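These notes are about the structure you will find just below.
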Amino acid sequence: MKNLKMVFFKIFFISLMVVLAMKGSWINLEDLQNFFLHHIQNNLQTISLLSFLVGFVWILYMFTRPKPVYLVDFSCYLPPSHLKVSIQTLMGHARRAREAGMCWKNKESDYLVDFQEKILERSGLGQETYIPEGLQCFPLQQDMGASRKETEEVIFGALDNLFRNTGVKPDDIGILVVNSSTFNPTPSLASMIVNKYKLRDNIKSLNLGGMGCSAGVIAVDVAKGLLQVHRNTYAIVVSTENITQNLYLGKNKSMLVTNCLFRVGGAAVLLSNRSRDRKRAKYELVHTVRIHTGSDDRSFECATQEEDEDGIIGVTLTKNLPMVAARTLKINIATLGPLVLPLKEKLAFFITFVKKKYFKPELRNYTPDFKLAFEHFCIHAGGRALIDELEKNLKLSPLHVEASRMTLHRFGNTSSSSIWYELAYTEAKGRMKEGDRIWQIALGSGFKCNSSVWVALRNVKPSANSPWEDCMDRYPVEIDI
């Protein structure tokens, strides 16, 4: 024990002399070098201990550090042109369905059609969004077969393009995470993908259901966790939602809102923890932050799938939704801020928090300037009001929310995949430069607010068959208020 103490004392003494010498103190560098070499040459015990400590610390670091997660590429599904509908065409379908007695059967129900038309006119959706085949024929086809057909076309379309663009073989995939909130058949969507692409028997697959529009970030976070455990592999994340089965044909106005906003869409994302993939990857995942306020009844009940008074299933949106969304977003921001904000903003936030909590309760909350932390914002295109509110609360410019507004206009609310259409928009505009930081933020039922933060590893160009490829020259467009 005495010998060990002496060795540590010598190490400390030598380190102290090095520091003093580097600061220009009285010790001569040449004398120090001679002393140091003489000491090491005559003390094998010291050099052995130093080598052991350095080696141990290095091994400990290599085995405990989080493994970097790279986004190699992603693909957003572009539906075929025959599924494209204008607002006028959509309302024509609705009136025809009413006249055929498929919904809103009494003549007095014209007000329900007019109600939806008014929402559509103010929604921010354009004239080229997509609805599935089952909802464009008469009678409407909302059975399991039509629903499965829509989901298969979306998922397989996105995955086929992803495999083609990356050159990765399906057999190389070790992890699969699929999210679809309201359409969860048996066998699962994950099993459907395994069967289609003949993925290997030991694949780690998960199917997330009922988690709303924020489930895309949840799926990325789940994949990230699995990539920390399973070495040298790929993970695929698939995000989609089914429109066919979820068209509401009842008379409850709060349930009719979803008919006006949701459209066909989906995305597939290829992640990797292999160090060799860094050279070709587009982004590296920096942070994921998940907030769930479902322990509060108002949060849990603000967006609920249930039957109306006539037994027709739909999604009810309560009047508490804006308040719940704002509160959950506030918690997410408070959690994410210390991870990404510069020191100046952190101090301002902390000082305001202390003043409000202990001295001035009436003091307004300090909203950090997230423009100092991120160059690009991918805000879930859940609706015009949501984008407006986040633009106002986060003090963003019109350019910062352009990707979200244009995604809503071109594709509508594609649920959990909307943040990927927005990222594809930014790439297509040529704005993604090496080192740029991206904030993806989405809100969903439960109630949840989830964030993912990425950094661009190079100047990113759009991948082949981007969903914006055929229309980028027309965007951005002016949206009437």
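The values are calculated or read from the model by the stated rules, or taken from the named source; none is laboratory data. Not measured: the values here are computed from a predicted model. With ideal geometry, Cβ positions are generated from the backbone for all residues, glycine too; neighbour counts draw on all protein chains shown. To get the accessible areas, we keep the full protein, side chains included, count just its heavy atoms, and leave off ligands, DNA and RNA. Shrake-Rupley method; radii C 1.70, N 1.55, O 1.52, S 1.80 Å.
Taking the numbered list (1) surrounded by 14 or more Cβ atoms within 10 Å (Cβ to Cβ); (2) at pLDDT below 70; (3) within 30 Å of Cys137 (Cα to Cα) in turn, Ile14 passes all entries but (3). Scanning the range 73-92 for residues that are open to solvent by 40 Å² or more (accessible area, probe 1.4 Å), over 14 Å from Glu153 (Cβ atoms) and outside any strand (DSSP E or B) turns up Gln88, Thr89. Exactly one residue out of Gln136, Gln127 is touching a His at 6+ places or on another chain (Cβ under 8 Å), open to solvent by 40 Å² or more (accessible area, probe 1.4 Å) and closer than 29 Å to Ile387 by Cβ, and it is Gln136.
The set of residues in the range 338-395 being small (Gly, Ala, Ser) and either surrounded by fewer than 11 Cβ atoms within 10 Å (Cβ to Cβ) or in contact with a helix residue (DSSP H, G or I) (Cβ under 9 Å, 6 or more places away or on another chain) (or both) consists of Ala373, Ala381, Gly382, Gly383, Ala385.
To keep it simple, each residue is scored yes or no on (1) at positive phi; (2) in contact with a helix residue (DSSP H, G or I) (Cβ under 8 Å, 6 or more places away or on another chain); (3) open to solvent by 20 Å² or more (accessible area, probe 1.4 Å).
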| site | (1), (2), (3) |
| --- | --- |
| Lys149 | no, yes, yes |
| Lys169 | no, yes, yes |
| Gly174 | no, no, no |
| Asn179 | no, yes, no |
| Thr182 | no, yes, yes |
| Pro185 | no, yes, no |
| Ala190 | no, no, no |
| Lys198 | yes, yes, yes |
| Ile203 | no, yes, yes |
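Considering Ala281, Ala326, the condition of being at pLDDT below 95 and open to solvent by less than 80 Å² (accessible area, probe 1.4 Å) is satisfied by Ala326 alone. If we scan the range 443-450, do we find a residue that is farther than 22 Å from Arg327 by Cα and either open to solvent by less than 10 Å² (accessible area, probe 1.4 Å) or not charged (D, E, K, R) (or both)? Among the residues of the range 443-450, not one is farther than 22 Å from Arg327 by Cα and either open to solvent by less than 10 Å² (accessible area, probe 1.4 Å) or not charged (D, E, K, R) (or both), which makes the answer no. One residue stands out in the range 40-62 among those that are at pLDDT 65 or above and of a type in the set (Phe, Trp, Tyr): the one that is nearest to Asn232 (Cα to Cα), namely Trp58. One residue alone among Ala442, Ala373, Ala428, Ala385 is over 26 Å from Ser275 (Cβ atoms), hydrophobic (A, V, I, L, M, F, W, C) and at pLDDT below 95, and that residue is Ala385.
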